[in-house]
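Please read the structure below before turning to the comments.
The values are calculated or read from the model by the stated rules, or taken from the named source; none is laboratory data. Here the structure is a predicted model, which means the values were calculated and not measured. When we count neighbours, we look across all protein chains shown, and the Cβ atoms used for this are built from the backbone with ideal geometry, even at glycine.
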Amino acid sequence: MDFEYSDKVKELIKRVTLFMEEHVYPVEEQMNKQTRELPWSTPPLMEELKAKAKAQGLWNLFLPLAYGEYSGGLTNLEYAPLAEIMGKIHWAPEIFNCAAPDTGNMEVLAKYGDEVQKKKWLEPLLEGKIRSAFAMTEPEVASSDATNIETRIERDGDEYVINGKKFYISGACRKQCEILIVMGKTDPDNENRYIQQSQILVPTNTPGVKITRPMTVFGYNDSPEGHAEVIFENVRVPVENIIVGEGKGFEIAQGRLGPGRIHHCMRSIGAAQRALDLMCKRVNERVVFGRPMIKQQSVREDIAKSACQIEQARLMTLKAAQKMDVAGNKAAKELIAMIKIVAPSMALDVIDRAIQCHGALGVSQDTFLAHMYAGQRTLRLADGPDQVHMMQLGRDLAKKSV
């Protein structure tokens, strides 16, 4: 198994790293300031950085080769180290048009959308002109099992009527969010629970779509993207807005989650790596009890454990990405489950050690650590809670011994 990157990928790693160093890290606090001053709208600085990245060809790198004309030209394995670099700042992926939930929505439209849907929604997303959201999670049911969702999508002549309540819909709070992919049930009484659901395109300005409030994460509202509570009251959209057809919602959801989990995990690794880098810098500079912190045995152990955990998670994620490229998402499902279990928890461990080394500074707004910790804690729930992945992985592994 060879994880040596090609010359093309090495060059991209160099270019993305240089872009981050020259254009992104120096304006980190300025960007944070703009998001506070201009809540729920894309900061002007973000648009400037997006234009620079696009001009340099560092754009839509996430779409794998399987997506044909829309592809960024990279495999999942080739994109993985780039996602790691972008993950070192939680808002950085958007600069390269590689941010969730748009990435998953673009993959869905590229793979499942018809030509009209691609022209109307995929192309503006690929160009970075609009933002989007994926509305699946609901407050009243265990949404980790998508068959539980209760939102109804009922046909009425040439339209579908949508009623339901969603929450923690990332991206929906932003003013630039123009389209929602909504998952609901078109055939709730079907004996096959996996074909009861459908996915449908709903413009955010459709009458009856009510974005009622942003949901916070440990007190962070994550502006400008946010995580919205959304109510659909007799929302009507044309039948042409259904994706693929009725009963395909669960299949589409599974299709989008594999690559998305690779992206999330590599960004988690990037966050952990940055936390480790900050920790190393801090302990070399900080003097406690009359000597540098690095002289403390427990500090050295924390650094060593963190480096080991990061490298283990990195290699496992690269293996999963390679398996997806070679054999497809289904064949890689066990590895994908493993990395989804391992990577966010690993990042939390490493970030927590970095916070401890920084003392009170580590939980303040003066480092990225506290906000990133909150984000990584969310990832233990997003795209399926740890317990669901462990339950399914354990079941599948045990079956092999029968």
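For the stretch 139-150, a residue qualifies if it is surrounded by 20 or more Cβ atoms within 10 Å (Cβ to Cβ) and not small (G, A, S), and exactly one does: I149. The sole residue among I149, I231, I243, I211 that is β-branched (V, I, T) and touching a Phe, Trp or Tyr at 6+ places or on another chain (Cβ under 9 Å) is I243. Filtered by the rule that a residue be within 20 Å of V108 (Cα to Cα) and of a type in the set (A, V, I, L, M, F, W, C), the stretch 136-161 gives M136, A146, I149, I153. It is to be established whether one or more residues within the stretch 93-102 are at pLDDT 95 or above, out of contact with any strand residue (DSSP E or B) (no Cβ under 9 Å at 6 or more places or on another chain), outside any loop (DSSP other than H, G, I, E, B) and of a type in the set (S, T, N, Q). No, every residue in the stretch 93-102 fails to be at pLDDT 95 or above, out of contact with any strand residue (DSSP E or B) (no Cβ under 9 Å at 6 or more places or on another chain), outside any loop (DSSP other than H, G, I, E, B) and of a type in the set (S, T, N, Q).
Note down all Cβ pairs under 6 Å where the first residue falls in the stretch 376-402 and is in contact (Cβ under 8 Å) with a residue 40 or more places away in the chain and part of a loop (DSSP other than H, G, I, E, B), the second is surrounded by 14 or more Cβ atoms within 10 Å (Cβ to Cβ) and not basic (K, R), and they're at least six residues apart or on different chains. Final answer for the pair search is D383/L257; G384/S144; P385/S144. Looking only at the stretch 16-71, residues that are loosely packed, with under 13 Cβ neighbours inside 10 Å and among the aliphatic types (A, V, I, L, M) come to 3 in all.
The residues of the stretch 154-195 that are in a strand (DSSP E or B) and at positive phi, listed by number, are G164, Y168. The C-beta contact set for the stretch 45-60 (first residue farther than 20 Å from S71 by Cβ, second residue surrounded by 18 or more Cβ atoms within 10 Å (Cβ to Cβ) and among the charged types (D, E, K, R), distance under 9 angstrom, 6+ apart or interchain) comprises M46/E94; L49/E94. Any residue at all in the stretch 262-280 that's without any contact (Cβ under 8 Å) to a residue 60 or more places away in the chain, farther than 17 Å from G384 by Cβ and either surrounded by 15 or more Cβ atoms within 10 Å (Cβ to Cβ) or out of contact with any strand residue (DSSP E or B) (no Cβ under 6 Å at 6 or more places or on another chain) (or both)? Yes, the stretch 262-280 contains at least one residue that is without any contact (Cβ under 8 Å) to a residue 60 or more places away in the chain, farther than 17 Å from G384 by Cβ and either surrounded by 15 or more Cβ atoms within 10 Å (Cβ to Cβ) or out of contact with any strand residue (DSSP E or B) (no Cβ under 6 Å at 6 or more places or on another chain) (or both).
Among the residues in the stretch 162-171, are any hydrophobic (A, V, I, L, M, F, W, C), buried (at least 23 other Cβ atoms within 10 Å of the Cβ) and in contact with a His (Cβ under 8 Å, 6 or more places away or on another chain)? Yes, some residue in the stretch 162-171 is hydrophobic (A, V, I, L, M, F, W, C), buried (at least 23 other Cβ atoms within 10 Å of the Cβ) and in contact with a His (Cβ under 8 Å, 6 or more places away or on another chain). Scanning the stretch 196-235 for residues that are part of a strand (DSSP E or B), charged (D, E, K, R) and crowded, with 16+ Cβ neighbours inside 10 Å returns a single hit, E229.
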